[in-house]
Amino acid sequence: MRIYDAKPILIGLAIFLGLSTFPFWYNGGKAATPPQPSLETPEIQKMEKKECVAARDYMRTSHMVMLNDWRTEVVRNGRRYYVTAGGATYPASLQLACMKCHSNKAQFCDTCHNYIGLKPYCWDCHLEPPQGQQVEQVAKGE
């Protein structure tokens, strides 16, 4: 059996395979280094016991679940405060709880979100606090 025009077909297949596998062999199996979010903010440095509203591992994997639960509790049930397992009380608010300590959005939130290619819709409604400005002032509109 003879294949007519075999040479152009094989060249086309070689080009297709080269282009379709380019992303894999270009990086040579190297993974990008995971981000190290900065915890260097004035509010965190003031804390004696550096502790978040939940465990670090939970916050790394499920912080959006917590924020969605907070939103539901505030909007539908009127519960504006979150009480941790340790008994600490925080306002159930992205701006007043989370951004109070993690005011460095570019170095904290954006490093991980950019690494995984995620653009959360938080900032469609919430105001990003300007660097160096207190969160309470932004929330009150001052």
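When peptides 7-19, 111-123 are sorted by average Cβ neighbour count within 10 Å, with the highest value leading, the order is 111-123, 7-19.
For the range 77-114 versus the range 34-76, the spacing of their alpha-carbon centroids is 5 Å. Across the chain, the longest run free of exposed loop sites, meaning trypsin sites (Lys or Arg not before Pro) lying outside DSSP classes H, G, I, E and B with no more than 10 other Cβ atoms within 10 Å, spans 51-142.
If the segment from Leu13 to Ser38 were pulled out straight at 0.36 nm per residue, it would be longer than the present Cα-Cα gap by 4.3 nm. For Phe108, the residues 5 or more places off, or on other chains, whose built amide H falls under 5 Å of its own are Ser38. Listed by chain and number, the lysines placed with their C-alpha closer than 18 angstrom to that of Lys49 are Lys100; residues fewer than eight positions away on the same chain are left out.
How large is the helix-only mean residue ellipticity at 222 nm for the chain, computed as the sum of -39500 (n - 2.57) over DSSP H runs with n ≥ 4, divided by its residue count, in deg cm²/dmol to the nearest 500?
-14000 deg cm²/dmol
Helix 56-77 and the long axis of the chain differ in direction by around 60°, with both axes built from C-alpha atoms.
When the alpha carbon gyration tensor of the chain is reduced to an equivalent ellipsoid, its three semi-axes come out at 48, 18, 15 angstrom, largest first.
Label separation (Ala54 vs Glu128): 2.4 nm, computed from points 7 Å beyond Cα along the C-beta direction. Looking at the calculated P(r) for the range 31-104, what percent of the C-alpha pair distances fall above 16 Å? In whole percent, the share of Cα-Cα pairs in the range 31-104 beyond 16 Å is 56.
Rule-based calculations on the coordinates, nothing more; no lab input. Note that the structure is predicted; figures quoted are calculated from it, not measured. Heads up, the Cβs are rebuilt from the backbone with ideal geometry, glycines too, and the neighbour counts pull from every protein chain shown.
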